[in-house]
Each structure stands twice: as structure tokens, then as C-alpha cells.
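The values are calculated or read from the model by the stated rules, or taken from the named source; none is laboratory data. Everything numeric here is computed off the predicted structure, so don't read it as measured data. Every residue, glycine among them, receives a Cβ derived from its backbone with ideal geometry; neighbour counts consider all protein chains shown.
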Amino acid sequence: MNNRILNCLGGKKYRGIPVWFMRQAGRYLPEFRKIRKENPNFIKLCLNENLSTKISLQPLKRFDLDAAIVFSDILMIPYGLGQKVSFKKNFGPQLKELSLEKIITANKEDFINQLRPVYKTIYNIRKKLNNNKSLIGFVGAPWTLLVYMLNKKSPKNNFNFKKIIKDELLAKIILNKLEEMICLHIDHQISAGANVIQIFDSWAGLLPNNKLPYFCYETTARIVNHVKEKKIPVICFPKGISKNYADFCSVVNPDCLSIDYKKNPKSIRKELKNIPIQGGLDPKILLMDNKKIKKNVKNYLDIFKDHPYIFNLGHGVLPKTKPEKIEYLINIIREKE
């Protein structure tokens with residue numbers, strides 16, 4: 001079986017470079033935009049198992065990809081814990097006031113019942129995939145979810161650690177609960193058919209260096225160990241901590257590190273010789289002409305030649321990306337261009 005991603009992560013031989021894209025099922029596809037227009041409530045769409053299955057499979061119908069990733073969102077966990085979540089156009093996620101009591105006393109069964117459509121979606125996808133394709137389940141890391149839950153929106157501007165984390169004891173209580181529920185969410189994704197898990201720590205780069213060990217490394221390490229006990233490979237994407245990737249890997253020990261587009265691929269190749277690498281290409285490259293796309297893609301392929309490597313972007317596919325650019329990139333990977 002030539003499941004490129006599983007073989008790459010498992011240290012086995014594989015033919016061809018594995019490739020998939022973060023946000024590969026999304027706004028750049030006209031078929032997705034049509035569904036989205038008819039379903040303005042994003043959370044409800046994530047919980048619609050039939051439509052979520054259809055959306056998750058849309059990119060695989062167009063492109064020669066090595067994996068499907070379930071159409072869902074990292075904020076389904078706060079939602080499952082009783083915090084109201086909505087998405088506003090051109091603004092992003094909006095979360096209502098956090099009830100500490102509701103979070104701490106959250107019942108596991110209630111949490112699972114809230115998110116059961118996600119697991120049904122994964123089950124549906126798995127039935128439609130052949131064994132050469134991986135099925136990626138995912139979660140947000142505790143720190144990133146904590147930031148959303150306390151900040152109540154994306155912390156894109158003027159983030160201040162002390163302002164958001166006013167009470168570190170309170171933050172640690174919430175983190176412990178998040179860690180428990182993240183593991184529970186992962187367990188049910190695996191049971192439904194996910195055979196790879198990715199942990200997104202989208203806001204790891206906001207942490208001061210002296211806070212990284214507790215809020216990023218240690219919490220993520222416990223989740224990674226939990227996943228490994230299930231004999232499932234786990235990819236970590238601690239976005240924005242490029243100077244600390246080596247420290248992260250020494251503590252967390254993921255099966256694969258996904259790098260962001262600000263990290264020099266040559267330096268990470270030298271720093272981390274014994275771990276598979278994923279990603280790195282700036283999503284904005286796909287807004288350029290084919291010549292520039294090919295040059296940049298070849299650069300990553302050359303750097304990671306003879307190293308376990310999964311081609312991906314350094315973040316998600318941008319909404320303005322033309323589908324034919326994705327097709328062109330994949331043809332480069334498959335040596336058709």
C-alpha cells in the first residue's frame with residue numbers, strides 16, 4: 001500500500017512526495033462558495049454531516065491529493081463546552097462571554113453529543129476514501145483555544161499577554177479542562193476513521209519565550225503522547241515560534257513538524273535532521289505567476305530531498321487562490337510540469 005503520508009510519518013519507504021493543503025476544502029473553490037452562500041451559519045454547516053462530508057471531499061475530486069482533512073473548525077471545542085461561537089463576514093470568529101462554571105463542570109457525554117456530527121462526517125469520509133489516502137482529523141492546541149475563549153475574537157492586533165491572561169491560575173484551570181476535552185475529541189475522531197491528527201497552535205507565536213514551556217510545549221506534549229498511545233501519527237503546527245522549533249520538538253516529540261512560511265527551510269533542515277517536516281510555502285506564492293510558483297515549489301523540494309517531507313503551505317490556502325494554481329502546483333509535485 002502506497003499511503004505516502006502514513007509511510008512518510010512512519011519512517012517507511014514511499015513513492016512520490018505526499019501533498020495536501022491546510023484549508024484545502026474552502027473559500028477558493030467555487031463549489032464550496034455555493035454551499036457556503038446557502039448556509040450562512042458556519043457552526044451549523046460544520047455540524048451538517050452530509051454537507052461537511054461533501055465539502056471535505058470536494059478538493060479530492062478536483063486534485064491528486066494524498067489526504068482529506070475533515071471540514072470542521074478548532075473552535076468546535078469551545079462550542080462543545082458551552083461557549084457560544086459565531087463567524088462574522090470580514091471579521092472572523094466571535095465568542096460570547098465565558099462561563100467558568102460551565103466550562104469546569106462540562107459533562108463529557110454532553111460534549112460528545114454536541115460534536116457527534118463531526119465524527120459522523122469523518123466516518124462518512126473514510127467510507128469514500130481508498131486506503132492510499134489519509135484522513136486527517138485535527139484540534140486546536142490548548143493555548144490557542146484559551147486565547148480565543150478569553151479574547152473572544154482573533155488576537156490579530158495589539159495582543160498583550162498580561163492583559164488577556166490576567167489570572168494565570170484561572171488560565172491554568174481552563175487549560176487543564178481543554179487538554180482533557182481535546183484528548184476526548186481526538187479519541188472520537190480516531191474511532192470514526194481519522195488516521196492522522198494535526199494539532200494547530202495558531203497563536204503560539206504570541207507567547208513570550210518564558211511562557212512557551214508551560215502554555216505551549218508541556219500541554220501539547222501530553223496530548224501528543226495521548227495520540228501516540230493510540231498508534232496514530234500526530235503532526236504539530238506551532239505557528240510563529242520558528243526560532244524555537246527545535247526546543248518545541250525536543251519537548252513535544254511530534255511525529256512531524258509543520259513549519260510556517262516565515263521559517264527558512266534550509267535552517268530547519270539543518271536544525272531537525274531526525275523528524276519529518278511538513279509545509280512552509282507562503283500561501284501568497286499561489287497568487288503569483290506559474291514561473292514563480294514553480295521556482296518556489298522546487299526550492300522546497302530540493303531542500304528536503306532525501307528527507308521525510310510532506311508538501312504543504314505555511315498556512316491555509318488563501319480565498320483569492322485560483323484552483324488551477326493548486327492543480328499546477330500538484331503537477332509539479334507529481335513531476336508533470
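Data overview
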| quantity | calculated |
| --- | --- |
| Residue match in the stretch 259-276 (condition: buried (at least 18 other Cβ atoms within 10 Å of the Cβ), in a loop (DSSP other than H, G, I, E, B) and among the hydroxyl-bearing types (Ser, Thr, Tyr)) | no |
| From the options ARG27, ARG36, ARG23, residue that is of a type outside the set (Ser, Thr, Tyr), surrounded by fewer than 19 Cβ atoms within 10 Å (Cβ to Cβ) and in contact with a Leu (Cβ under 8 Å, 6 or more places away or on another chain) | ARG36 |
| Test: residue in the stretch 131-142 that is more than 22 Å from LEU175 (Cβ to Cβ), in contact with an Asp or Glu (Cβ under 8 Å, 6 or more places away or on another chain) and buried (at least 19 other Cβ atoms within 10 Å of the Cβ) | yes |
| Residue satisfying all of: in the stretch 88-105; at pLDDT 90 or above and in contact with a helix residue (DSSP H, G or I) (Cβ under 7 Å, 6 or more places away or on another chain); farthest from ARG4 (Cα to Cα) among these | LEU95 |
| Single match in CYS46, CYS8 (criterion: touching a residue at least 60 places away in the same chain (Cβ under 8 Å), hydrophobic (A, V, I, L, M, F, W, C) and under 30 Å from GLY82 (Cβ atoms)) | CYS46 |
| Residue match in the stretch 101-115 (condition: under 20 Å from ILE74 (Cβ atoms), in contact with a Pro (Cβ under 7 Å, 6 or more places away or on another chain) and either crowded, with 23+ Cβ neighbours inside 10 Å or free of Cβ contacts under 8 Å to residues at least 40 places away in the same chain (or both)) | no |
| Helices (runs of 4 or more DSSP H) (entirely within the stretch 30-137) containing at least 3 residues that are under 20 Å from the mean Cα position of the chain (by Cα) | 42-46, 49-62, 76-80, 108-128 |
| Residue ranges of helices (runs of 4 or more DSSP H) in the stretch 151-243 with at least 3 members in contact (Cβ under 8 Å) with a residue 12 or more places away in the chain | 168-192, 219-229 |
| Lone qualifier among LYS295, LYS284, LYS243 - being more than 30 Å from GLY92 (Cα to Cα) and either surrounded by fewer than 17 Cβ atoms within 10 Å (Cβ to Cβ) or modelled with pLDDT under 95 (or both) | LYS295 |
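Yes or no, residue by residue, for (1) modelled with pLDDT of 95 or more; (2) surrounded by fewer than 23 Cβ atoms within 10 Å (Cβ to Cβ); (3) more than 26 Å from ASN312 (Cβ to Cβ):
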{"site": "VAL147", "(1), (2), (3)": "no, no, no"}
{"site": "LYS153", "(1), (2), (3)": "no, yes, yes"}
{"site": "ILE164", "(1), (2), (3)": "no, yes, yes"}
{"site": "GLU180", "(1), (2), (3)": "yes, yes, yes"}
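Per-residue answers, yes or no, for (1) under 20 Å from VAL196 (Cβ atoms); (2) charged (D, E, K, R):
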position	(1), (2)
GLN83	no, no
ASN107	no, no
ASP110	no, yes
THR121	yes, no
LEU135	yes, no
LYS152	no, yes
ASN160	no, no
LYS166	no, yes
